[in-house]
Amino acid sequence: MKVVVVGGGVAGTAAAWAARRAGAEVVVVHDRAGASALASGAADWDPWEAATGKHALDADAALLAAALGYLTDPCVVCTASGVVRAAHGRDRAVLDLGPLAGRRVAVADITRDDWDAELIARALGASAWARTTETRFVPRAIGFSAAEYGSSWDLAARFDDPGEREALTTELTKAQGEVDAWLLGPWLGTAPGVAEALADRVGLPLGEALSLPGGAAGARFESARDTALAQAGVEARNEKASGVLHGDRQLEVKLEGGDRLVADRVVLALGGLLAGGVRLDEARAGFELSLDAPVMLQVDGQSIDAVSTLHGVDLAAHGGSFLERVGIATEGAAACGEPLVFVAGDVMADRPRTWLRALVSGLAAGRAAGR
Ligand SMILES: Cc1cc2nc3c(=O)[nH]c(=O)nc-3n(C[C@H](O)[C@H](O)[C@H](O)COP(=O)(O)OP(=O)(O)OC[C@H]3O[C@@H](n4cnc5c(N)ncnc54)[C@H](O)[C@@H]3O)c2cc1C
């Protein structure tokens, strides 16, 4: 069985991993960074405003999430603008405030334009969670110059170097009297393992606030993905796919460079509107995928054509979050009417765009495709 997965986000990675475990020969094709490479480091099942309780995941989901550097237990995370919230999982480098309820958390005070420790500590301390749990946040100066690192990504890359990590360990250890944990910005490595190594050396719980788009959490995802796919024996190609065609008995995936990949099954894990997997074609005032494929686009249970007017799609009729729901119509894990084409992640119509749903739908598509 030959499976081609288009998309290297969490959904495509999960599909490739599961299809490979089902015994298929698998190629993943992906081009630019998608939502998984821009994400915050929190993993939710429902959009977090609507999050409720714990969502049970099967053993494969937890195993793959761990390989991608994520823990899948309920936790409490925070942003650099002082928002505290529950999540269903997190990048291991992100600090879980849950076990620190009622304790004293130091907010690392280093000179950077995008990190004001005094303000962050005040905002976190004023949050409903901190007030209810009587958790205190205190800015704590550390003698570390970071002003010369433009983006938080650059600063995170600095701590991939064990020597730089050791220097930070020394400064944190010097500064840490009477605190129970350290909160830092999203700077703890572009490869997985840096936060854990630092916490071990410092001897206190330690971790990041959530990343802004394009930050360290996304970089760690890409690094962990490449390792997980290589270890699973999946071939990865960094190229744009331009179309999926029906051959006599098989499918063909056309690559922009000219190659054609023959496949028994194809998984489309292209991402949603935000990542460019689904696009708004302004000239036609309609939607299209980033490649030609024999699939139907849908929103709110109706094919896009059925909801369009003569002047294109009637955006107003579907409310504000409509763009978030446009995607490929599916029956189970397969595309409607196309039993050899499977669909996963944010490109599925009418599903919340969250990390855990992308992972779980990717596993389902990969298992079905690899059979
Ligand atoms: C800024 C931001 C913050 C977020 N925060 C959270 C959060 O706090 N909690 C949470 O649960 N979720 C969050 N999400 C959502 C979550 O990250 C996504 O739901 C999830 O990562 C989607 O994964 P995916 O694999 O479906 O798509 P993506 O990660 O978007 O992957 C799509 C892939 O398809 C590839 N691709 C598309 N078209 C082609 C083509 N023609 N040829 C080749 N490759 C192609 C792209 O290169 C990419 O690799 C956030 C997303 C963003 C952007």
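The values are calculated or read from the model by the stated rules, or taken from the named source; none is laboratory data. Since this is a predicted model, take the numbers as computed values, not measurements. Counting neighbours? That spans all protein chains shown, and the Cβs are built from the backbone with ideal geometry, glycine included.
Couple of notes before you dig in:
- Screening region 289-331 for residues that are surrounded by fewer than 19 Cβ atoms within 10 Å (Cβ to Cβ) and modelled with pLDDT of 90 or more and picking the one that is nearest to the ligand (Cβ to nearest atom) gives Asp292.
- Of the strands (runs of 3 or more DSSP E) lying entirely inside region 119-229, those containing at least 3 residues that are touching a residue at least 12 places away in the same chain (Cβ under 8 Å), out of contact with any Asp or Glu (no Cβ under 6 Å at 6 or more places or on another chain) and farther than 18 Å from Gly41 by Cα span 136-141.
- Answer from Ala39, Ala101, Ala106, Ala66 - the residue that is of a type outside the set (S, T, N, Q) and surrounded by 24 or more Cβ atoms within 10 Å (Cβ to Cβ): Ala106
- Region 188-221: number of residues that are charged (D, E, K, R) and within 25 Å of Ser81 (Cα to Cα): 3
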